[in-house]
Amino acid sequence: MRRRRRSDGLRRLARETRLLPDDFILPVFAIPGADREQDIAAMPGVRRLSADRMAAEAGRWRSAAVLVFGVPEADSRDETGSAAWEGDLVASAVRRLKAERPALTVITDLCLCAYTTHGHCGVLTEGAEVDNDRTLEALGRMALAHAEAGADLVAPSGMMDMQVGAIRQALDGAGYTGVGVMSYAAKFASAFYGPFREAACSAPGRGDRRGYQLPPSNRREAIADALLDEQEGADWLMVKPALPYLDVLAELRRRSRLPLAAYHVSGEYAMLKHAAQAGALDEREAALEALLSIKRAGADAVITYYAEEAVQWLAS
Ligand code: PBG
Ligand code: ZN
């Protein structure tokens with residue numbers, strides 16, 4: 001076996017998986033107002049930006065696609081998350097990004113948790129459980145607001161049953177037949193979302209998300225859930241987090257014909273960043289290895305806070 005590993009040239013020739021600049025989707029956090037930016041302590045190098053700053057930075061981004069999250073002011077939250085579709089936060093970021101960089105692919109996160117006072121991903125019933133069907137109506141309205149602003153894909157992340165079908169129906173009913181759905185199809189109830197909840201201020205006030213997100217122990221259940229999203233008309237499927245669930249990613253690659261995204265989440269990013277800052281590992285080598293392994297397992301695109309650095313590393 002060593003004969004084919006003897007030189008860099010031979011190793012390159014036999015390389016089975018390659019990272020390309022086109023592979024990455026950069027997550028970005030939009031805040032209200034103008035000329036504002038905020039650091040996120042748990043995620044060094046990641047900032048929340050107002051729409052004008054975001055558009056100004058977009059001119060320099062090398063990533064081909066972004067995933068936009070809205071982080072509204074705390075006082076604009078309510079029980080049902082109505083600012084998610086009535087407010088202009090994500091919509092204005094999308095409009096500014098598209099005006100600045102028409103060729104940038106803009107994907108929007110579709111979930112209520114940043115907009116509800118209780119921080120859950122859906123509207124709650126009296127019994128404080130998530131009311132699936134009322135949440136679907138809200139997601140439909142939110143999808144239309146994003147589509148109207150010019151989003152290419154909407155990405156529902158709340159793990160409500162039938163959400164893909166409901167969103168597809170809402171989009172088609174309003175004439176947005178060209179706007180696609182990237183479903184967070186296999187999203188696990190994971191501890192690796194910790195830093196994100198600081199970034200998006202979206203930690204649930206009471207309880208947790210285990211009533212709607214997937215149990216980390218269950219691969220069969222994850223595949224079944226993801227394949228339902230395909231039947232409901234999803235254009236893309238996603239597995240999230242990435243590294244702890246590469247087995248799910250690899251199996252879903254075999255079971256579906258749709259393009260697959262994997263979300264290298266905030267905790268996965270933070271582990272590498274903080275370890276690198278402590279001098280425990282070579283950041284570039286470790287991050288590129290992590291991203292490569294996600295692609296090798298079957299991802300067509302990787303959503304990662306390392307997107308910008310990865311594109312630069314690959315070019316240098
Ligand atoms: C909320 C949402 C979460 C993430 C994306 N959308 C957190 C959660 O479900 O609690 C996680 C992203 C990350 O950790 O980078 N619907
Ligand atoms: Zn949510």
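The values are calculated or read from the model by the stated rules, or taken from the named source; none is laboratory data. This is a predicted model, so every value here is computed, not measured. Positions of Cβ are generated from backbone atoms using ideal geometry, with glycine treated the same way; all protein chains shown enter the neighbour counts. Ligands, DNA and RNA are excluded from the accessible area calculation, which covers all protein heavy atoms including side chains. Shrake-Rupley method; radii C 1.70, N 1.55, O 1.52, S 1.80 Å.
Of all residues in the stretch 106-128, at least one satisfies being closer than 20 Å to Ile167 by Cα and away from ligand 2 (no atom under 14 Å from the Cβ).
For the stretch 206-219, the criterion of being part of a helix (DSSP H, G or I) and away from ligand 1 (no atom under 11 Å from the Cβ) is satisfied by at least one residue.
Among the residues of the stretch 120-130, are any in contact (Cβ under 8 Å) with a residue 24 or more places away in the chain and more than 19 Å from Gln213 (Cα to Cα)? No - not one qualifying residue is present in the stretch 120-130. Count of the stretch 280-291 residues, restricted to those that are aliphatic (A, V, I, L, M) and open to solvent by 60 Å² or more (accessible area, probe 1.4 Å), is 2. Among residues belonging to the stretch 100-130 that are away from ligand 1 (no atom under 16 Å from the Cβ) and at pLDDT below 95, point out the one that is surrounded by the most Cβ atoms within 10 Å (Cβ to Cβ). Once the filter is applied, the top-ranked residue is Glu129. When restricted to residues that are in a loop (DSSP other than H, G, I, E, B) and surrounded by fewer than 16 Cβ atoms within 10 Å (Cβ to Cβ), the stretch 298-316 contains 2. Pick from Ser266, Ser316, Ser256: which is at pLDDT below 95 and either within 17 Å of Trp61 (Cβ to Cβ) or of a type outside the set (A, V, I, L, M, F, W, C) (or both)? None of the others qualify; the one that does is Ser316. Only a single item in (1) under 29 Å from Ser76 (Cβ atoms); (2) under 14 Å from the mean Cα position of the chain (by Cα) is not met by Ala185, and it is number (1). So if I check each of Arg36, Arg15, which one is at pLDDT 95 or above and open to solvent by 80 Å² or more (accessible area, probe 1.4 Å)? After applying the criteria, what remains is Arg15. Among residues of the stretch 230-279 being basic (Lys, Arg) and not in a helix (DSSP H, G or I), the one that is surrounded by the fewest Cβ atoms within 10 Å (Cβ to Cβ) is Arg257. Would a scan of the stretch 72-93 turn up a residue that is surrounded by 17 or more Cβ atoms within 10 Å (Cβ to Cβ) and at positive phi? Among the residues of the stretch 72-93, at least one is surrounded by 17 or more Cβ atoms within 10 Å (Cβ to Cβ) and at positive phi, which makes the answer yes. Residue check: Leu19 meets all listed conditions (1) part of a helix (DSSP H, G or I); (2) touching a Leu at 6+ places or on another chain (Cβ under 6 Å) but one, namely (1). Scanning the stretch 229-247 for residues that are in contact (Cβ under 8 Å) with a residue 24 or more places away in the chain and either of a type in the set (D, E, K, R) or away from ligand 1 (no atom under 16 Å from the Cβ) (or both) gives Asp229, Glu230, Glu232, Gly233, Ala234, Asp235, Lys240, Leu246, Asp247. Kindly evaluate Ser63 against the criterion of being buried (at least 18 other Cβ atoms within 10 Å of the Cβ), farther than 19 Å from Ser266 by Cβ and polar (S, T, N, Q). Answer is no for this residue.
Only one entry of Leu171, Leu97 meets the criterion of being among the aliphatic types (A, V, I, L, M), under 30 Å from Ile223 (Cβ atoms), more than 16 Å from ligand 2 (Cβ to nearest atom) and open to solvent by less than 10 Å² (accessible area, probe 1.4 Å), and that entry is Leu171. Of all residue pairs spaced 6 or more apart or on separate chains, those with beta-carbon atoms under 6 Å, a first member in the stretch 287-316 that is touching a residue at least 24 places away in the same chain (Cβ under 8 Å) and under 20 Å from Ala199 (Cβ atoms) and a second member that is acidic (Asp, Glu) and outside any loop (DSSP other than H, G, I, E, B) are Val302/Asp23. So is Ala42 modelled with pLDDT under 95, open to solvent by 10 Å² or more (accessible area, probe 1.4 Å) and part of a loop (DSSP other than H, G, I, E, B) or not? Yes.
Residue by residue, here is whether (1) under 22 Å from Ser92 (Cα atoms); (2) open to solvent by less than 30 Å² (accessible area, probe 1.4 Å) holds:
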site	(1), (2)
Thr135	no, yes
Ala145	yes, yes
Ala149	yes, yes
Asp161	no, no
Gly180	yes, yes
Ala186	no, yes
Ser202	yes, yes
